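Trainee: So that we are looking at the same thing, I have put the structure below in structure tokens.
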Amino acid sequence: MRTATAYAHPNIALVKYWGKSNDELNIPATPSLAITLGDLRTTTRVEESTSDTVVLDDVQVQDAKINAWLAHLRKQFNLPPLRVESSSDFPANSGLASSASGFAALTLAISSAFDLGLSLQEQCDWARLGSGSAGRSLHGGFVALEPQGTSCRVSQVLGESDWDLSIAIAITSDRAKSTGSTAGMTASRDTSPFYEGWLRATSEAFDSGLRAVKNMDFEALAQISEASCRQMHALMLSTEPALIYWNAATLNCIEEVTRMRDDGLDVFYTIDAGSHLKAVCRASVAKQVRDRLRGVEGVYSVLASNIGGPAQLLG
Ligand code: 2P0
């Protein structure tokens, strides 16, 4: 019986992706730049079975995205019915990119179990069809994703050990996010008067973000990342109906990160399609950053992560 297990880490974008140029091929409208969360992971096992079964975090589900993705894969490869079991060691559906790490691990596991012979770039292309940001989770360290025609080039900008940064994740809610990313992106493109401006600003931010990462320029990266985050959330706020992912605790955390920076700590924030805040800082101040975020009103807990490596096969 053919089987394989793989894991992948979630990633968080510093220059954000929000909007597609091609819905069918899931091509982002702009490039994006992300870091890999090495202490969080999604582990996915696939095995040949008698019918397609998907089990997420120990619960059997009908997952439309995975079903559509498998149907697509079967147009090109002869695959038997599959049992897919996937679990994450962090909260799912809350803006922590579990679909990115999930599709990255799933692609790697299927490619290995059935000897599909996919190159890393081809794995990124298949993973991207499931989740636009998933190609970034196949690489480690600092990763760029750049749309190119009907594909997206995914490349590592810095390795996981090149720049000693750390991430603190302030958990600010125990609920799943209200609107999923795919539906939210479509709504923003269709209704926000700021969408064209967002595309322009993001392409510029990608070029300067890439330079800041290559130069390991913390101050520049902090400014570019926080601006990209706020611009994405401004786009979300200007969508009809409005996409409001922040809550009161998110705003409290933003204030605390700003205070920490005023106190001389090298730290900046970013927030995705959910209310949790991620603080990126130099590893030397990571404990102080975590301790101060733990003291913020409305924060449930704070997770810690270093920058992680690429997706890996476990066997
Ligand atoms: C990002 N996000 O760049 C942005 C920031 C969320 C906020 O990529 O529709 O789950 O499957 O391509 O990959 C989340 O998007 O969405 C995401 P689809 P995906 O990280």
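The values are calculated or read from the model by the stated rules, or taken from the named source; none is laboratory data. Keep in mind the model is a prediction, meaning the values are calculated, not measured. Note: ideal-geometry Cβ built from the backbone for every residue, glycine included; neighbour counts use all protein chains shown. Just so you know, the surface numbers come from the protein's heavy atoms only, side chains and all, with ligands and any DNA or RNA stripped out. Shrake-Rupley method; radii C 1.70, N 1.55, O 1.52, S 1.80 Å.
Trainee: For the chain, what is the calculated [θ] at 222 nm in deg cm²/dmol (nearest 500), taking -39500 (n - 2.57) for each run of four or more DSSP H residues and dividing by its residue count? Present the calculation step by step, with values, prior to reporting the outcome.
Mentor: Details: 9 runs with 120 residues, N = 315.
Dividing the helical sum by the residues of the chain leaves -12000 deg cm²/dmol.
Trainee: Here's another thing I want to ask about it. Under a 1.4 angstrom probe, counting protein chains only, how are Arg294, Arg189 ranked by accessible area, largest first? Please list the in-between numbers first.
Mentor: Details: Arg294 120, Arg189 75 Å².
Descending accessible area places them as Arg294, Arg189.
Trainee: If I model a spin label at Gln76 and Thr186 as a point 7 Å from the Cα along the Cα→Cβ vector, what separation in nanometres do I get?
Mentor: Reported label-point gap for Gln76 and Thr186 is 2.3 nm.
Trainee: What distance in nm lies between label points placed 7 Å from Cα along the C-beta direction at Gln121 and Asp174?
Mentor: With each label point 7 Å from Cα toward Cβ, the separation is 4.7 nm.
Trainee: Moving on to the next point. Would you mind checking which residues have amide H under 5 Å from Arg153's amide H? H placed 1.01 Å from N; only 5 or more apart, or other chain.
Mentor: Those lying under 5 Å, H to H, from Arg153 are Glu146, Gln148.
Trainee: From largest accessible area down, sort Met260, Met1; use a 1.4 Å probe on the protein chains. Don't skip to the end; give the middle numbers.
Mentor: Details: Met260 0, Met1 155 Å².
Putting Met260, Met1 in descending order of accessible area: Met1, Met260.
Trainee: With charges set only on the Cβ (+1 for Lys and Arg, -1 for Asp and Glu), what does the dipole of region 3-160 come to about its Cα centre, in debye to the nearest 20?
Mentor: In debye, rounded to 20, region 3-160 gives about 380.
Trainee: Is region 3-160 best put as rounded, prolate or oblate by its Cα gyration tensor, with a ≥ b ≥ c the root eigenvalues, rounded for a/c under 1.5, and otherwise prolate when a/b is larger than b/c, oblate when not? The partial results should precede the final answer.
Mentor: Values: a/c = 1.64, a/b = 1.34, b/c = 1.23.
Because a/c hits 1.5 or more and a/b exceeds b/c, region 3-160 counts as prolate.
Trainee: Quickly work out the Leu199-to-Asp58 label distance, labels modelled 7 Å from Cα along the C-beta direction, and quote it in nm with one decimal.
Mentor: According to this spin-label approximation, the distance is 4.6 nm.
Trainee: OK, next. Pairs Lys65/Lys214; Lys214/Lys278; Lys20/Lys278: which exceed 31 Å Cα-Cα? Provide the component values of the computation, followed by the final result.
Mentor: Working: Lys65/Lys214 35 Å; Lys214/Lys278 21 Å; Lys20/Lys278 24 Å.
From Lys65/Lys214; Lys214/Lys278; Lys20/Lys278, over 31 Å: Lys65/Lys214.
Trainee: In whole Å, what is the distance between the alpha-carbon centres of region 156-195 and region 200-258?
Mentor: 10
Trainee: Amide H to amide H under 5 Å from Glu160: which residues, 5+ apart in sequence or cross-chain, H placed 1.01 Å off N in plane?
Mentor: Answer set, sorted by chain and number: Gly141.
Trainee: With θ set to phi - 60° and the Karplus curve 6.51 cos²θ - 1.76 cosθ + 1.60, what are the ³J(HN,Hα) couplings of region 198-204 in order, to the nearest whole Hz, using x for Gly and Pro?
Mentor: Here the 3J(HN,Hα) series is 4, 4, 5, 5, 6, 4, 5 Hz.
Trainee: HN-Hα J couplings of region 247-261 from phi, Karplus 6.51/-1.76/1.60, θ = phi - 60°, integer Hz, Gly and Pro as x?
Mentor: 10, 4, 5, 4, 5, 4, 5, 4, 4, 5, 5, 4, 5, 4, 5
Trainee: When the chain is modelled as a GNM with alpha-carbon springs shorter than 10 Å, which of Ser173, Ser133, Ser49 fluctuates the most?
Mentor: In this elastic network of the chain, the residue with the biggest mean-square fluctuation among Ser173, Ser133, Ser49 is Ser49.
Trainee: Let me ask another. When the chain is treated as a GNM, springs tying every alpha-carbon pair under 10 Å, which of Ala168, Ala220, Ala105 comes out with the largest mean-square fluctuation?
Mentor: Checking each option, the largest mean-square fluctuation is seen for Ala220.
Trainee: Provide the solvent-accessible area of Phe194, counting protein heavy atoms only and rolling a 1.4 Å probe, rounded to the nearest 10 Å².
Mentor: Its accessible surface works out to 120 Å², give or take rounding.
Trainee: OK, next. Around Gly308, under 9 Å between beta carbons, what's the net of Lys plus Arg minus Asp minus Glu among the other residues?
Mentor: Details: positive: Arg41; negative: Asp39, Glu160.
Once positives and negatives cancel, what remains is -1.
Trainee: Rolling a 1.4 angstrom probe over the protein heavy atoms, how many square angstrom per residue are accessible across the chain? Walk me through the numbers before you get to the answer.
Mentor: Details: 13090 Å² over 315 residues.
Normalised by residue count, the accessible surface of the chain is 42 Å².
Trainee: Note down the magnitude of the dipole of the chain about its Cα centre, charges +1 on Lys and Arg C-beta and -1 on Asp and Glu C-beta and zero elsewhere, to the nearest 20 debye. Each step should come with its number before you reach the end.
Mentor: Numbers: 27 positive and 35 negative charges, 29 e Å.
Dipole about the Cα centre, nearest 20: 140 debye.
Trainee: Choose one answer from Arg175, Arg282, Arg153: the residue with the largest mean-square fluctuation in a GNM of the chain with alpha-carbon springs under 10 Å.
Mentor: Comparing Arg175, Arg282, Arg153 in a Gaussian network model of the chain, the most mobile one is Arg175.
Trainee: Before anything else, pin down the relative contact order of region 40-94: Cα pairs under 8 Å, at least 6 apart, normalised by residue count, whole percent. Present the calculation step by step, with values, prior to reporting the outcome.
Mentor: Numbers: 71 pairs, mean separation 32.8, N = 55.
Relative contact order for region 40-94 comes out at 60 percent.
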